[in-house]
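Accompanying notes for the structure given below.
None of the figures in this text is laboratory data; all of them are computed from the coordinates on show. None of the values given here were measured: they were computed from a predicted structure. Note that each Cβ is placed from the backbone with ideal geometry, even for glycine, and that neighbours are counted across all protein chains shown.
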Amino acid sequence: MPDLKFEIISSHVKEYAAVPTLVFSLQITNDAENEEVYAAALKCQVVIEAVKRRYNEETKDRLYELFGGAERWHETLRTTFWQIITVPVPRFTGKTMVEINVPCSEDQGLAAGKYFYAVRDGEVPLAFLFSGTLFYKDAEDNLQVTLVPWEKEAFCKMPASLWQQMMDIHFPNSRWLQVRKDIYDRLVSYKLQSKFQTLENCIEYVLDKGLKEMNVIENQNA
């Protein structure tokens, strides 16, 4: 019966993708010599092992919404689920290489989007947890079916800059923001009643005005 080992060899941004996509090159090795793996249907759960790296103060501030204040990180800093990917594996003997294509979203409503936005240097520790169905031929050349054990996994230290590079390619000098419909309606109404040409101009004006008011309050309390 096959005994598979998984190893992430490299990672890169997928070129000409319709949506932002990261590609992880996965090497699969069958330790059972000369045994043919007929096919495999893998499910790969990708998680961010946030506890396995250090963070500077600036990054900690950006991660506040996800993990809270740094004084509580001993309780709140944890492994974060990213997503589950289906990976088809063709017939092979010995070892083979397949690609794990991970479509990405910068949606700040998602934990992964918040994390990747905040972490901009160093490496992001990732774990790939495998399960699924494995088809193979036994010594009598009969087709057999077995499950991939849950303890099968692979690890990767992805450069954090890879995420930023990918988003800059797909959304140059832009970032995606989701707001409630009623807030969006108010913003559109404000734009129609004002001198501003775009919603971005409206947001910039409101932010500048709010920061000025905050500075005035801070100076009065000083």
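Structure notes:
- Among His170, His74, His12, the residue with the largest mean-square fluctuation in a Gaussian network model of the chain, with springs joining Cα atoms closer than 10 Å, is His74.
- Given the chain, longest segment not containing exposed loop trypsin sites (Lys or Arg not before Pro) (DSSP; at most 15 other Cβ within 10 Å): 121-174
- Reported label for calculated Cα extents along the principal axes in Å given [x] 73, 43, 34; [y] 58, 38, 35; [z] 84, 40, 27: [z]
- Under 19 Å from the Tyr16 label point (7 Å along Cα→beta-carbon), backbone N, segment 59-98: none
- For segment 1-69, applying the loop criterion from DSSP together with a ceiling of 12 other beta carbons within 10 Å to the GluC sites (Glu not before Pro) yields Glu15, Glu33.
- Once both labels are positioned 7 Å from their Cα atoms along Cα-to-Cβ, the gap between Asn101 and Asn56 label points is 3.6 nm.
- Net dipole in debye of segment 1-115 [+1 Lys, Arg Cβ; -1 Asp, Glu Cβ; about Cα centre; nearest 20]: 140
- Projecting label points 7 angstrom from Cα along Cα→Cβ for Tyr184 and Thr29 puts them 5.0 nm apart.
- 21 Å Cα-Cα reach of Lys95 towards lysines, excluding residues that sit fewer than 8 places from it in its own chain: Lys5, Lys43, Lys137, Lys152
- For the chain, the longest site-free run once chymotrypsin sites (Phe, Trp or Tyr not before Pro) in DSSP loop states with at most 11 other Cβ atoms within 10 Å are removed: 17-149
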